[in-house]
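Note sheet for the following structure.
The values are calculated or read from the model by the stated rules, or taken from the named source; none is laboratory data. For clarity, every value in this text was computed on a predicted model and none was experimentally measured. Virtual Cβ from ideal backbone geometry, glycine too; neighbours counted across all protein chains shown. Ligands, DNA and RNA are stripped out before the accessible areas are found, and what is left, the full protein with its side chains, is counted by its heavy atoms. Shrake-Rupley method; radii C 1.70, N 1.55, O 1.52, S 1.80 Å.
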Amino acid sequence: FPASGQRFTKRTYNLTLERTISRALKRLPVRQWVVAGAETDVCVMQSVLGLLRLGYQVFLLEDCLFTTEPHPGPALRRMELAGAVPTTLKSLAYELVVSTDRTPWYPEDCVDLGRTYARPFPEEFAVPEAWPPWEPRR
């Protein structure tokens with residue numbers, strides 16, 4: 001957890017209804033959020049819908065969700081129909097990095113550090129293909 005990071009306690013299912021969280025979100029110079037979490041059909045769904053209502057673009061990490069609900073499909077469809085963009089952690093990771101140029105596991109002869117649009121993976125970050133397999137969540 002970054003030293004400059006903030007922690008909040010959420011008592012509502014929709015995080016945007018928490019005044020301190022909502023204020024903190026609005027102070028940040030971002031319009032896009034990536035969402036992962038527990039109880040896909042309750043906290044995740046209500047928070048995603050709240051973020052969308054506030055005008056944010058939301059990317060939903062479908063392989064980083066969990067719920068005790070045996071049928072999360074309706075909640076996933078509802079979020080997607082409301083405007084959430086479904087994706088996976090691996091897809092997001094490579095989209096953020098952009099190219100092999102700043103990826104520590106590629107050979108140096110594949111790297112062009114002059115490309116300013118490429119963002120580096122942290123050095124300790126393992127290649128996404130080496131991450132543990134994600135179990136499908138019911």
>> Just to verify a result, which residue in the stretch 55-78, among those that are open to solvent by less than 30 Å² (accessible area, probe 1.4 Å) and assigned to a loop (DSSP other than H, G, I, E, B), is nearest to A38 (Cα to Cα)?
In response: T67
> Do we have V42 as closer than 30 Å to A130 by Cβ, β-branched (V, I, T), at pLDDT 95 or above and open to solvent by 30 Å² or more (accessible area, probe 1.4 Å) here?
Replying inline: no
> If you go through the stretch 4-17 one residue at a time, do you hit one that is of a type in the set (A, V, I, L, M) and assigned to a helix (DSSP H, G or I)?
Replying inline: yes
> Which residues, taken from the stretch 45-54, are open to solvent by less than 20 Å² (accessible area, probe 1.4 Å) and of a type in the set (S, T, N, Q)?
Replying inline: S47
> Given the residues P104, P29, P74, which is the only one that is at pLDDT below 95 and over 20 Å from P128 (Cα atoms)?
Replying inline: P29
> Among (1) among the aliphatic types (A, V, I, L, M); (2) loosely packed, with under 11 Cβ neighbours inside 10 Å; (3) at pLDDT 70 or above, which single condition is L92 missing?
Replying inline: (2)
> open to solvent by less than 40 Å² (accessible area, probe 1.4 Å) and farther than 21 Å from E18 by Cα: does that describe L81?
Replying inline: no
